[in-house]
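Below is one structure, written out as structure tokens; the observations come after it.
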Amino acid sequence: MDPKLDPFTTLLDLKLGTFDPERAPVQVRTQADLRGFFQAEPPRPDQLVYRIMPVPVPTENSEIQCSTTILEPGTVGDEYNMTKGHFHTVRDRSEIYIGLAGEGRLVLATEDGRHRVEPMREGTVNYVPGGWAHRSVNVGTEPLVFFAAYVGDAGHDYDTIRRDGFPVLVGPGSDGPAVRDNPRYRG
Ligand SMILES: [Fe+2]
């Protein structure tokens, strides 16, 4: 075959999650960008929630996309700071997360309503099989940092999550992070 790309190397700061050199503009998500994903109306719309550092390659299933995410600590209403969460547009595409710093939960859900909550911290390797929507939640006091690699043509379906939510929510409880049913799931 005739290779489509030349090899390249990027240095990843394993604590901060930053790439040097950056391969693409950093994607910034504020509370305002997460309106409709949190249960509560964001109290500080301009507040940073997370940043994504992408390493873009062609969006084809022969390639592997990767990125890091830096998710700030904090809460909105009764929920910890989190990513929007998504199904892959091509539903059967899979993904791997590697935890670099902080303490988090990975919330996963299938289209038929099953869910799982997995740990995220330095050294965790989370496998996200095809068909499972996924959202990261920062349950700690430091930034949650993780590296993600996924099939190149996976795509991101955020709209299904904006409409339906996840079956469970993660927020502060009386004895640490608590997982509770989402009263508005598909409501
Ligand atoms: Fe994904």
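Considering only segment 43-58, I want to know if a residue exists there that is open to solvent by 40 Å² or more (accessible area, probe 1.4 Å), under 19 Å from the mean Cα position of the chain (by Cα) and at pLDDT below 95.
yes
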Quick check on residue 163: is it of a type in the set (Lys, Arg), in a strand (DSSP E or B) and modelled with pLDDT of 95 or more? no
Can you name every residue in segment 119-149 that is within 14 Å of the ligand (Cβ to nearest atom) and over 12 Å from the mean Cα position of the chain (by Cα)? 127, 129, 130, 131, 132
Of all the residues that make up segment 1-27, how many are among the aromatic types (Phe, Trp, Tyr), closer than 28 Å to residue 72 by Cβ and loosely packed, with under 10 Cβ neighbours inside 10 Å? 0
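I want to confirm something. Restricting to segment 154-163 and keeping residues that are within 12 Å of the ligand (Cβ to nearest atom) and more than 12 Å from the chain's Cα centre (by Cα), which single residue is farthest from residue 90 (Cα to Cα)?
Top of the filtered list is 161.
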Taking the condition farther than 17 Å from residue 136 by Cβ, in contact with a Phe, Trp or Tyr (Cβ under 8 Å, 6 or more places away or on another chain) and in contact (Cβ under 8 Å) with a residue 12 or more places away in the chain, does residue 18 pass? no
Tell me yes or no: at least one residue of segment 169-177 is modelled with pLDDT of 95 or more, surrounded by 15 or more Cβ atoms within 10 Å (Cβ to Cβ) and either within 15 Å of the ligand (Cβ to nearest atom) or at positive phi (or both). no
Strands (runs of 3 or more DSSP E) enclosed by segment 1-102 - at least 2 residues per element that are of a type in the set (Ser, Thr, Tyr): 64-71
Output the qualifying pairs, or none if there are none: Cβ atoms under 6 angstrom, residues six or more apart or on different chains, first residue in segment 116-138 and open to solvent by less than 10 Å² (accessible area, probe 1.4 Å), second residue away from the ligand (no atom under 15 Å from the Cβ) and among the β-branched types (Val, Ile, Thr). 137/170
Assess whether residue 78 counts as being of a type in the set (D, E, K, R) and farther than 16 Å from residue 170 by Cα. no
Return the residues of segment 73-93 that are more than 15 Å from the ligand (Cβ to nearest atom) and either among the polar types (S, T, N, Q) or in contact with a strand residue (DSSP E or B) (Cβ under 6 Å, 6 or more places away or on another chain) (or both); say none if nothing qualifies. 73, 75, 78, 79, 80, 81
Does residue 100 satisfy being of a type outside the set (Asp, Glu) and away from the ligand (no atom under 14 Å from the Cβ)? yes
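The values are calculated or read from the model by the stated rules, or taken from the named source; none is laboratory data. Values in this document were obtained by computation on a predicted structure and should not be read as measured data. Neighbour counts are summed over all protein chains in view; Cβ atoms, including those assigned to glycine, are modelled from backbone coordinates with ideal geometry. For the accessible areas, the whole protein counts, side chains as well, though only heavy atoms, and no ligand, DNA or RNA atoms are used. Shrake-Rupley method; radii C 1.70, N 1.55, O 1.52, S 1.80 Å.
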